[in-house]
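Report on the following structure.
The values are calculated or read from the model by the stated rules, or taken from the named source; none is laboratory data. Please read these numbers as outputs of a predicted model, since none were measured by experiment. Cβ atoms come from the backbone with ideal geometry, glycine included; neighbour counts cover every protein chain shown.
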């Protein structure tokens, strides 16, 4: 993951895929929004302002993460 692309809050799909790759043992159903925000902020390539994360943004990411994790 040396050349991780820059990630921003509005990149729901890219963030969801990065969460699946970085945290394969985690289930989106078992992760709260605050914990997920902290996980996202530590992803390689995450470059956005943590203060910009809203509940709606986090929920959108969690939905995509769940949908992609179920389809693996």
### Task
Please determine, by comparing only the residues of segment 5-23 that are touching a residue at least 40 places away in the same chain (Cβ under 8 Å) and in a loop (DSSP other than H, G, I, E, B), which one is farthest from residue 59 (Cα to Cα).
5
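Going by the structure shown, is residue 61 modelled with pLDDT of 95 or more and touching a strand residue (DSSP E or B) at 6+ places or on another chain (Cβ under 7 Å)? Steps first, please.
Details: modelled with pLDDT of 95 or more: yes; touching a strand residue (DSSP E or B) at 6+ places or on another chain (Cβ under 7 Å): no.
The answer is no for residue 61.
What number of residues in segment 24-41 are touching a residue at least 12 places away in the same chain (Cβ under 8 Å) and either surrounded by 17 or more Cβ atoms within 10 Å (Cβ to Cβ) or part of a loop (DSSP other than H, G, I, E, B) (or both)?
Let us first name the residues in segment 24-41 that are touching a residue at least 12 places away in the same chain (Cβ under 8 Å), namely 26-29, 31, 33, 36-37, 39-40.
Of the ones still in play, those that are also either surrounded by 17 or more Cβ atoms within 10 Å (Cβ to Cβ) or part of a loop (DSSP other than H, G, I, E, B) (or both) are 26-28, 31, 36-37, 39-40.
Of the residues in segment 24-41, 8 are touching a residue at least 12 places away in the same chain (Cβ under 8 Å) and either surrounded by 17 or more Cβ atoms within 10 Å (Cβ to Cβ) or part of a loop (DSSP other than H, G, I, E, B) (or both).
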### Message
I'm checking my understanding of the structure. Among residues of segment 42-69 that are buried (at least 18 other Cβ atoms within 10 Å of the Cβ) and assigned to a loop (DSSP other than H, G, I, E, B), which one is farthest from the chain's Cα centre (by Cα)?
### Response
53
